[in-house]
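Q: Okay, here's the structure, questions in a sec.
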Amino acid sequence: MGKLVEQTLRTMYQGVSRQPDTVRLPGQVEEAENVLFSVVSGGFTKRPGTQFVTDVQLDPVDATDHAFHSYERDTNEKYLIVIGKDTDDSGGGGRCNIAIFDPSGTAYNLTAPDTALGYLSTDNPSQDLSFATTGDVTFIANKLKTVLIYEDGTFHHDTMPHQLVREADGTFTFKMYLEWGVRPDTGAVGAAAEAIIPSPDFVGKGISDITFFRNRLSIVSDETVFFSASGDYVNFWPKTEGQVIDSDPFGRTASSSQVNKLRHVVAFRKALFCSAESAQFELSGDPAVTPTTTTIDVATQYTSEPLCRPIGFRDELYFASRSGSSAVLFEYFYSDKSVGHTASDVLIHASDYIPAPITCLVGDTVTGTVLALSGTDRSSIYVYKTYWDGENKAQSAWGKWTFGTGSVLHNLTVTDGDVFILISRNGILSIEKMSLNAAEKPTNFKYPLRLDALQYIVGTYDSASNTTTYTSAYPVDSTTMSAVADSVVAPIGSQGAVITPLSSSGNSFVVAGDKSGTPIYLGFNYNMSVELSKQYLREGDNQATVTTGRLQLKRMYFDYKDTAFLQVIVTPDKRPARTFTFNGTSLGNFITATPELLSGVFDAPIRSDGSTVNIKITNPSYMPCTITSARWVGFFNEMTRQE
């Protein structure tokens with residue numbers, strides 16, 4: 001029978017690994033969908049659901065790509081900007097339109113002449129448009145437009161970045177900007193004037209990116225970063241000929257042994273990080289960025305993904321790359337050991353996890369969460385959680401959030417700890433919001449609700465039919481959605497209970513009787529699923545696996561906290577699966593039971609070889625669950641070698 005052994009998985013927050021099971025960390029798992037790993041809990045919880053914010057009246061069927069930009073004017077004013085193909089693009093050419101909202105979904109009036117909107121013409125706004133915001137003005141540049149100039153040194157305004165302006169009355173105006181600086185009068189015109197005061201380096205080329213840096217507007221074009229005059233964002237000409245002063249505009253070219261067409265620039269530490277497809281540069285000036293003090297130098301030479309903008313994140317910066325059909329994510333940082341910048345692949349232990357290309361990166365520095373979109377898997381968000389304990393990286397965890405068949409994730413942005421998701425569900429383009437605080441709950445509910453596109457709906461009673469109708473922003477499908485009674489104002493016994501409809505049609509959800517006093521939360525179901533790594537006996541301080549024997553698992557125990565529902569599915573090799581369910585509900589007098597959150601230990605019989613049995617923890621319900629640790633008991637048979 002072997003000796004009785006017991007082992008504890010003290011931490012379960014290390015995420016997915018693609019390494020062999022025998023070399024993984026004890027807390028790493030094979031798969032993790034719709035969970036949030038946390039060093040605080042010591043394990044994982046079912047991820048927060050999303051809230052429906054607003055639908056977006058741009059065409060989600062023909063336009064599979066949308067730009068999404070957010071900015072915070074102050075603590076009370078935050079804005080979400082969506083640019084996508086116009087529903088009325090009868091003339092073709094990828095004409096785009098703009099929609100603007102606040103985080104609650106309130107839409108703002110926009111004045112935008114057709115001549116201005118024509119500048120946004122592109123079928124790929126998320127890749128071709130770049131944004132730079134200062135105060136009430138957002139500059140928007142289209143990389144497909146070639147910047148042109150007249151002989152007198154005046155820019156063709158329709159080829160230069162346009163402005164989205166928040167007006168004093170709270171409305172917005174998108175317009176062609178007409179006040180760009182003009183070449184100083186040299187007494188010459190045409191080529192002669194060009195010889196005296198050359199045009200900025202971006203003239204005759206497209207603009208690949210724009211940003212503000214050290215009180216200047218920087219325009220990225222080809223291999224050059226060109227800066228406006230200091231404090232004068234719309235002037236790209238020197239004040240005088242033949243004399244260079246510190247406040248003058250200037251450019252710097254990224255030079256190395258190969259061509260380096262710059263795609264993105266991001267402020268990082270005290271420098272400007274400049275990304276080309278095969279190298280990374282840092283542009284800096286000490287003590288200020290001026291024509292005489294600024295340099296641009298090669299920092300590292302890694303292949304990078306041109307479709308994805310890098311992001312600064314705490315003391316690091318992340319940029320995407322690819323290896324064949326798989327994505328790579330580099331963490332770029334200053335190394336005291338090498339006294340310079342270096343980059344490490346944070347997907348090295350989860351190779352092939354994200355299908356290339358990564359098209360979007362956003363991050364929340366408070367929770368240590370980086371979110372990535374894949375251009376291949378467009379119904380998932382890939383999530384990277386980090387935690388530093390001093391100089392030690394205590395957590396480097398990958399997982400995936402899925403949003404259901406038929407959903408298309410277009411873009412992401414993060415504001416104040418909330419992730420705003422631009423998503424199409426069944427052909428309806430909308431904005432949804434997710435708090436990265438797993439404990440956050442709806443106002444009228446006693447615990448977090450694990451449903452997506454959550455709506456709070458008050459029903460309308462019809463006395464003639466004796467029915468109550470709830471109207472949803474989405475078509476109602478009772479096979480993929482759940483309706484849950486408000487847990488505050490609903491009648492006693494029905495609080496937090498699932499409501500089964502009498503019928504559903506279109507956007508209507510109908511129940512019998514007068515339930516107008518029972519508001520509901522309606523949302524899409526999603527399943528939490530964590531597949532554990534194969535289990536081995538571990539020994540020593542380094543927890544090395546023992547492979548010179550057979551481990552027969554007897555039972556496994558899961559410590560849970562604030563949990564109302566979970567399932568453990570055990571599938572032995574070549575035998576059918578068995579499901580063991582924990583249901584923390586108490587009987588009520590309404591349609592179903594009223595759930596309660598409990599903490600304790602749930603155990604499941606395994607009775608299988610630890611190296612072959614498949615063990616999954618799932619939760620398809622709307623109720624939360626958190627697993628903090630686990631342990632198993634089994635028998636270990638040591639294999640001896642005969643002499």
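Q: Are any residues in segment 299-324 small (Gly, Ala, Ser), outside any loop (DSSP other than H, G, I, E, B) and open to solvent by 10 Å² or more (accessible area, probe 1.4 Å), and if so, which ones?
A: Scanning segment 299-324 gives ALA299, GLY312, SER323.
Q: Next up: Please enumerate the residues belonging to segment 255-268 that are assigned to a loop (DSSP other than H, G, I, E, B) and touching an Asp or Glu at 6+ places or on another chain (Cβ under 8 Å).
A: Passing the criteria: SER255, VAL259, ASN260, LYS261.
Q: Do any residues in segment 427-442 that are in contact (Cβ under 8 Å) with a residue 24 or more places away in the chain and surrounded by fewer than 22 Cβ atoms within 10 Å (Cβ to Cβ) have Cβ atoms under 8 Å from those of residues that are part of a loop (DSSP other than H, G, I, E, B) and of a type in the set (Phe, Trp, Tyr), where the two are at least six apart or on different chains, and which pairs are they?
A: From residues that are in contact (Cβ under 8 Å) with a residue 24 or more places away in the chain and surrounded by fewer than 22 Cβ atoms within 10 Å (Cβ to Cβ), the pairs are ILE428/TYR474.
Q: Please specify each residue of segment 285-298 satisfying the condition of being of a type in the set (Ser, Thr, Tyr), surrounded by fewer than 16 Cβ atoms within 10 Å (Cβ to Cβ) and assigned to a strand (DSSP E or B).
A: THR295
Q: In segment 325-349, what residues are open to solvent by 60 Å² or more (accessible area, probe 1.4 Å) and part of a loop (DSSP other than H, G, I, E, B)?
A: SER325, ASP336, LYS337, SER338, VAL339
Q: Next up: Which of the residues spanning segment 499-525 are among the aliphatic types (A, V, I, L, M) and open to solvent by less than 50 Å² (accessible area, probe 1.4 Å)?
A: ILE499, VAL510, VAL511, ILE520, LEU522
Q: When only residues in segment 138-149 that are β-branched (Val, Ile, Thr) and farther than 30 Å from ALA192 by Cβ count, which is surrounded by the fewest Cβ atoms within 10 Å (Cβ to Cβ)?
A: THR138
Q: Can you tell me which residue in segment 410-426 is nearest to GLY363 (Cα to Cα), limited to those that are crowded, with 17+ Cβ neighbours inside 10 Å and of a type in the set (D, E, K, R)?
A: Filtering first and then ranking leaves ASP418.
Q: Okay, next question. Hey, could you check segment 259-284 for residues that are surrounded by fewer than 21 Cβ atoms within 10 Å (Cβ to Cβ) and β-branched (Val, Ile, Thr) and say which is nearest to GLY206 (Cα to Cα)?
A: That would be VAL259.
Q: Sticking with this structure for a sec: Can you tell me how many residues in segment 129-155 are over 26 Å from TYR79 (Cα atoms) and touching a Leu at 6+ places or on another chain (Cβ under 8 Å)?
A: Total satisfying the criteria: 1.
Q: Checking ASN109 against (1) modelled with pLDDT under 95; (2) loosely packed, with under 12 Cβ neighbours inside 10 Å; (3) not β-branched (Val, Ile, Thr), which test does it fail?
A: (1)
Q: Another question about this same structure. So SER104 fits all but one of (1) open to solvent by 40 Å² or more (accessible area, probe 1.4 Å); (2) in contact with a helix residue (DSSP H, G or I) (Cβ under 9 Å, 6 or more places away or on another chain); what number is the exception?
A: (2)
Q: Tally the residues that are touching a Phe, Trp or Tyr at 6+ places or on another chain (Cβ under 6 Å) and more than 25 Å from GLU596 (Cβ to Cβ), restricting the search to segment 433-462.
A: Here the count works out to 3.
Q: OK, next. Restricting to segment 528-586, count the residues that are among the small types (Gly, Ala, Ser) and closer than 27 Å to ILE381 by Cα.
A: Total meeting the criteria: 3.
Q: I would also like to ask the following. Would you list the strands (runs of 3 or more DSSP E) that sit entirely within segment 526-586 and hold 1 or more residues that are without any contact (Cβ under 8 Å) to a residue 40 or more places away in the chain, farther than 26 Å from LEU36 by Cβ and open to solvent by less than 50 Å² (accessible area, probe 1.4 Å)?
A: Per the criteria, 544-546.
Q: I would also like to ask the following. Are there strands (runs of 3 or more DSSP E) fully within segment 150-254 with at least 2 residues that are open to solvent by 30 Å² or more (accessible area, probe 1.4 Å) and not aromatic (Phe, Trp, Tyr)? List them.
A: Counting at least 2 such residues, we get 250-253.
The values are calculated or read from the model by the stated rules, or taken from the named source; none is laboratory data. As the structure is a computational prediction, the values presented were derived from the model and not from experiment. Every residue, glycine as well, gets a Cβ built from its backbone with ideal geometry; the counts of neighbours run over all protein chains shown. Side chains are part of the model used for accessible areas, which takes the heavy atoms of the whole protein and leaves out ligands, DNA and RNA. Shrake-Rupley method; radii C 1.70, N 1.55, O 1.52, S 1.80 Å.
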